[in-house]
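The structure that follows is given in the form of structure tokens.
Taken together, the values in this text are just the output of simple stated rules run on the coordinates, not laboratory data. All figures in this text were calculated on a predicted structure; none of them were measured in a lab. All Cβ positions, glycine included, derive from the backbone under ideal geometry; neighbour counts span all protein chains shown.
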Amino acid sequence: MLAFIIRRILQSCMVLLTVALLAFTMFRFVGDPVAQIVSLDTPAEEVRKVRESLGLDDPVVVQMGRYLYKAVQLDFGISYQFRQPVIELLAERAPATLELALISSFLSLAIGIPMGVYTALRRDSLFARVFQSISLVGVSLPTFLIGILLIYLFAVTLGWLPSFGRGQVVTVSGRWTTGLLTASGLKALILPSITLGLYQMTLIMRLVRAEMLEVLRSDHIKFARARGLTTRAIHFRHALKSTLVPVITIAGLQLGSIIAFAVITETVFQWPGMGALFLKAVQNVDIPIMAAYLMIISALFVTINMVVDLLYAFVDPRLRATIKG
Amino acid sequence: MTLPSPSAGPNPSGDSLWSRIMAHDLTYLFFRSPLTVVAAILSMAIMLAALMAPWLASMDPFDPAQVFLADANIPPVWQDGGDPRFVLGTDDQGRDLYSAILYGMRVSLVIGLSGVALAATIGITLGLVAGYAGGRIDAVIMRVADVQLTFPAILIALLVNGVVQALSKGSSRETWAFGVLILSIGLSFWVQYARTIRGSTLIEKNKDYIHAARLVGQPTPLILLRHLLPNVIGPVLVILTINLGLAIITEATLSFLGVGLPPTQPSLGTLISIGNKYLFSGDWWIVTFPGLTLAVFVLSINLIGDWLRDALNPRLQ
């Protein structure tokens with residue numbers, strides 16, 4: 001077991017190292033850091049000094065090591081367009097993105113699971129068919145189109161909800177800004193979180209339905225029926241419980257991609273988050289921000305993946321057996 | 001092949017291709033599902049319209065000589081202020097929306113199809129090599145695939161886009177936007193093909209016909225292409241269909257985010273992005289019609305993909 005944990009952690013570190021290498025290559029070779037700092041009429045002597053101060057004359061391996069050493073301390077360099085440390089820019093915008101992502105995941109679970117259970121139990125009812133069709137539309141419509149549609153309906157036509165920004169935010173515990181404590185902040189969250197969560201919701205609904213149908217056919221449910229338990233107990237106590245394990249896993253894994261997909265939602269709703277910052281960096285070739293975002297997102301993905309794998313090893317006796325054997 | 005065999009019963013060899021297609025299980029299943037038939041007709045119609053855009057459109061929206069700024073933001077013909085020359089209205093540069101959608105769909109389709117083709121080529125090649133060679137080559141390829149699979153396609157596409165933009169400083173977006181979009185889509189979608197092909201290759205490579213081909217001394221590339229490929233390509237069909245929808249969405253999203261095609265060569269995504277700017281001033285048509293076209297097309301493709309997956313799934317038959 002210990003060997004498995006160590007191997008899994010080492011594997012994650014290898015992945016992170018690969019991504020860091022990629023980020024460094026981008027940082028060092030794609031954008032010329034010097035050209036971004038000096039202007040055309042800077043004297044050659046000055047340019048040489050800048051090069052030296054940035055350590056660009058050292059061997060590449062040394063530079064790579066330095067980049068990694070700094071990255072571990074969350075120092076990702078200075079943004080070309082804002083002339084500010086990248087980590088400060090990201091930290092400033094992280095609360096907005098994380099809040100949006102968490103609310104969206106929560107929504108997608110809170111709505112997706114009941115819809116999935118319903119469509120599995122009442123497979124041929126009218127509502128089940130309606131839900132199934134909605135889920136296909138949800139998968140087919142691009143995120144940005146859903147956002148535009150919601151804005152047109154609820155912001156432009158009906159005027160109920162704001163179409164951009166976070167509303168009023170309050171600062172809690174020093175740097176964390178939250179929109180969850182004010183009425184306008186909560187109102188501003190509604191449309192973006194629906195937009196971001198819709199795809200995950202349909203995914204979870206389809207997954208719950210498929211898993212539930214599978215579980216209802218299994219032996220332990222047949223046995224529960226044979227024992228004469230009530231349908232309600234069978235469905236919600238026994239079947240739902242075994243359905244939810246894989247669903248929670250997928251939902252956990254999806255949290256990472258929700259944060260990545262926030263790029264689109266944040267653009268549509270002018271949400272001041274990390275995704276919007278990343279997109280701006282791509283448009284303006286702000287390599288330090290792109291490299292930092294790449295590393296942070298991959299660290300997030302790798303950590304989530306690893307935790308899920310390890311949890312599985314702890315929970316599932318079959319997997320434990322194969323690890324030992 | 002994993003495709004279902006032609007329906008049982010004597011099948012005289014003199015049958016024409018048409019009657020053999022009509023007697024196929026897949027054809028039977030197809031006509032049993034009315035929704036799929038509708039989806040197929042819709043997507044075929046949209047593709048045909050895009051293909052024949054120069055004959056169907058009332059103007060060439062890419063030709064500056066035919067576009068007048070004075071015609072900008074005219075509503076559709078059934079609204080007040082509509083102009084019979086522009087049935088669906090015009091966009092902010094005075095382009096006829098109906099013509100722009102036809103040409104835009106064409107651009108979206110070309111990029112989507114080429115992107116998927118590139119992804120499939122990369123994925124199938126790497127999958128065949130990984131599965132057939134095994135060992136260290138296999139490990140390296142599949143590790144890369146694992147790492148990439150953790151990133152959403154749109155993020156990879158954005159990164160590729162940013163890197164190319166940095167490398168091509170100076171040259172204008174028009175010259176490389178097309179190629180970069182295809183490259184981004186190709187690089188973000190190959191993993192699924194590689195995994196599927198590798199899986200089937202691992203099974204097929206130990207069968208007698210492959211051993212036989214090796215024994216008679218055929219070169220490895222020939223074995224891979226002539227013998228292995230036809231036997232592992234079946235499941236790729238479903239991925240291709242579903243990926244086309246995804247690729248078109250990805251292109252539209254990138255263009256919407258402003259890192260895809262420039263407004264001078266609009267795809268559907270670019271048109272939607274233009275329309276989004278005018279949503280608040282009440283010019284609803286610029287975003288609605290391109291958006292609707294995109295949604296209907298992708299939905300139809302996904303319906304066909306869903307059906308194909310079920311129809312080719314031996315467990316459901």
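Fewest to most neighbouring Cβ within 10 Å: what's the order for A:L100, B:L88?
B:L88, A:L100
Ranked by Cβ crowding within 10 angstrom, fewest neighbours first, how are B:S33, A:S135, B:S16 ordered?
Ascending number of Cβ neighbours within 10 Å: B:S16, B:S33, A:S135.
For the residues A:M295, A:M201, B:M47, A:M1, what sequence is obtained by ranking on other C-beta atoms within 10 Å, fewest first?
If I rank by nearby Cβ atoms, fewest first, I get A:M1, B:M47, A:M295, A:M201.
Report the FRET efficiency, 1/(1 + (r/R0)^6), for A:Q270 and B:W55, where r is their Cβ-Cβ distance and R0 is 30 Å, rounded to 0.05.
Efficiency at R0 = 30 Å is approximately 0.15.
Count the net charge of all other residues whose Cβ sits under 12 Å from the Cβ of A:L121, scoring Lys and Arg as +1 and Asp and Glu as -1.
+3
Right, next: Apply the a/c threshold of 1.5 to the C-alpha gyration tensor of the range A:80-142 and tell me whether it is rounded, prolate or oblate.
prolate
With an 8 Å Cα cut-off and a minimum separation of 6 or more residues, compute the relative contact order for chain B in percent.
Values: 437 pairs, mean separation 70.9, N = 317.
Relative contact order here is 22 percent.
Once fully extended, how much extra length lies between A:L10 and A:S242, figured as 0.36 nm per residue of separation less the alpha-carbon to alpha-carbon distance?
Result: 80.4 nm gained on full extension.
Where the Cα atoms of the range B:158-247 are projected onto their three principal axes, how long is each span, largest first, in whole Å?
56, 28, 17
In a shell of Cβ-Cβ distance under 13 Å around A:F301, excluding A:F301 itself, what net charge do Lys and Arg (+1) and Asp and Glu (-1) give?
-2
How large is Rg over Rh for the range A:183-319, taking Rg from the Cα atoms and Rh as the Kirkwood inverse mean of 1/r across Cα pairs?
Rg/Rh: 1.13.
I've got another one for you. What does the helix-only formula give at 222 nm for the protein assembly as shown: each DSSP H stretch with n ≥ 4 adding -39500 (n - 2.57), the total divided by the residues, and the result rounded to the nearest 500 deg cm²/dmol?
Counting only the DSSP helices, I get -22500 deg cm²/dmol.
If a/c stays under 1.5 just call it rounded; otherwise compare a/b with b/c (prolate if a/b is bigger, oblate if not). Do that for the range B:187-317, with a ≥ b ≥ c from the square roots of the Cα gyration tensor eigenvalues.
Prolate is the answer for the range B:187-317, as a/c is 1.5 or above and a/b outweighs b/c.
Please give the length that would be gained between B:A45 and B:D146 if that part of the chain were fully extended, namely 0.36 nm times their separation in residues minus their C-alpha to C-alpha distance (nm, one decimal).
On the way: separation 101, 0.36 × 101 = 36.36 nm, distance 3.81 nm.
Result: 32.6 nm gained on full extension.
Taking loop as defined by DSSP and a crowding limit of 14 other beta carbons within 10 Å, which chymotrypsin sites (Phe, Trp or Tyr not before Pro) in the range B:236-317 fit?
Passing both the DSSP loop test and the Cβ count: B:F280.
Report the residue, chosen from A:D58, A:D286, A:D75, that carries the largest GNM mean-square fluctuation when chain A is represented by alpha-carbon nodes joined by springs under 10 Å.
Maximum among the listed residues: A:D58.
Averaged across B:157-168, how many Cβ atoms of other chains sit within 10 Å of each residue's Cβ atom?
For peptide B:157-168, the averaged partner shielding equals 6.
Still on this model: If a/c stays under 1.5 just call it rounded; otherwise compare a/b with b/c (prolate if a/b is bigger, oblate if not). Do that for chain B, with a ≥ b ≥ c from the square roots of the Cα gyration tensor eigenvalues.
oblate
Aspartates and glutamates near A:K280 by alpha-carbon distance under 13 Å, same-chain residues fewer than 8 away left out - which ones?
Straight-distance partners of A:K280: A:E266.
Something else: Do you know the relative contact order of chain A, to the nearest whole percent, from alpha carbon pairs under 8 angstrom that are 6+ apart?
26 percent
Bin width 20 Å, origin at 0, all Cα-Cα pairs of the protein assembly as shown: what percent of pairs per bin?
Once binned at 20 Å, the Cα pair distances of the protein assembly as shown give 15, 48, 32, 5, 0.
Scanning chain A for trypsin sites (Lys or Arg not before Pro) in DSSP loops with at most 11 other Cβ atoms within 10 Å, what's the longest stretch left with none?
Looking at chain A, A:228-325 is the longest stretch - no exposed trypsin sites (Lys or Arg not before Pro) with at most 11 other Cβ atoms within 10 Å.
FRET efficiency for A:A183 and A:A91, Cβ-Cβ distance as r, R0 = 22 Å, nearest 0.05?
Rounded to the nearest 0.05, the efficiency is 0.25.
Would you please give the FRET efficiency between B:N206 and B:S281, computed as 1/(1 + (r/R0)^6) with r the Cβ-Cβ distance and R0 = 56 Å, to the nearest 0.05?
That pair, B:N206 with B:S281, gives E of 0.30.
Can I ask one more? Using the charge dipole of the range A:135-270 (Lys, Arg: +1 at Cβ; Asp, Glu: -1 at Cβ; taken about the Cα centre), state which of A:L216, A:L229, A:F154 has its Cα farthest towards the positive end.
A:L229
How much of the pair distance distribution for the range A:2-72 lies past 16 Å, counting alpha-carbon pairs only, in percent?
59 percent
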